[in-house]
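Notes follow once the structure below has been shown.
The values are calculated or read from the model by the stated rules, or taken from the named source; none is laboratory data. If you're wondering where the values come from, they're calculated on a predicted model, not measured in any experiment. Note that each Cβ is placed from the backbone with ideal geometry, even for glycine, and that neighbours are counted across all protein chains shown. These accessible areas exclude ligands, DNA and RNA; they are computed on the full protein's heavy atoms, side chains included. Shrake-Rupley method; radii C 1.70, N 1.55, O 1.52, S 1.80 Å.
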Amino acid sequence: MRQPIDLETVLAGFTAPWSPRIVAQVNDYDVRLARFAGEHVWHVHHDTDEFFLVLDGTVHIGLREQGGERVVTLPRGSAFVVPRGVFHKPSSEEGAVVLLVEPTGTVTVGDEHDEVPDHIDATTGHLVP
């Protein structure tokens, strides 16, 4: 039997940034909860958009678009979609909590990426029991 998901309980169960937890699956999509801290890597998802909803903190997303690079700033309560095929680099100076929606099996570092440092978990997400 399905039960409501308490996001605060999920958050209390992990502290690692850039290591998303899969809190639900909707059709062929994962709903992931992640902590952001510091910088991620430049990466791209060739075949899927990526949805960000900032639940707490502030997130900056660097984008490499045809007109050049720009940064979008997402304060708490903001949502943003990075279109497929756009290189992007999320970051959060003070830390943030973000809800992400991506197709099941999407790797956190995309299809192409810079070298992945140790503080980033290159994963398809960790399922919450």
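Couple of notes before you dig in:
- Boolean, V81 is in a strand (DSSP E or B), buried (at least 18 other Cβ atoms within 10 Å of the Cβ) and at pLDDT 95 or above: no
- Beta carbons closer than 6 Å, at least 6 apart along the sequence or on distinct chains, pair a first residue in the stretch 8-29 that is farther than 14 Å from L100 by Cα with a second that is at pLDDT below 95 and open to solvent by less than 80 Å² (accessible area, probe 1.4 Å) for V10/V128.
- So D121, is it out of contact with any Ser or Thr (no Cβ under 7 Å at 6 or more places or on another chain) and charged (D, E, K, R): no
- Test set (1) touching a Phe, Trp or Tyr at 6+ places or on another chain (Cβ under 7 Å); (2) of a type outside the set (K, R); (3) surrounded by fewer than 17 Cβ atoms within 10 Å (Cβ to Cβ); (4) in a strand (DSSP E or B) - H119 fails condition number: (4)
- Selection from the stretch 41-58 of residues that are part of a strand (DSSP E or B) and out of contact with any Gly (no Cβ under 9 Å at 6 or more places or on another chain): F51, F52
- Per-region count, the stretch 98-113, residues part of a loop (DSSP other than H, G, I, E, B) and either open to solvent by 70 Å² or more (accessible area, probe 1.4 Å) or among the hydroxyl-bearing types (S, T, Y) (or both): 4
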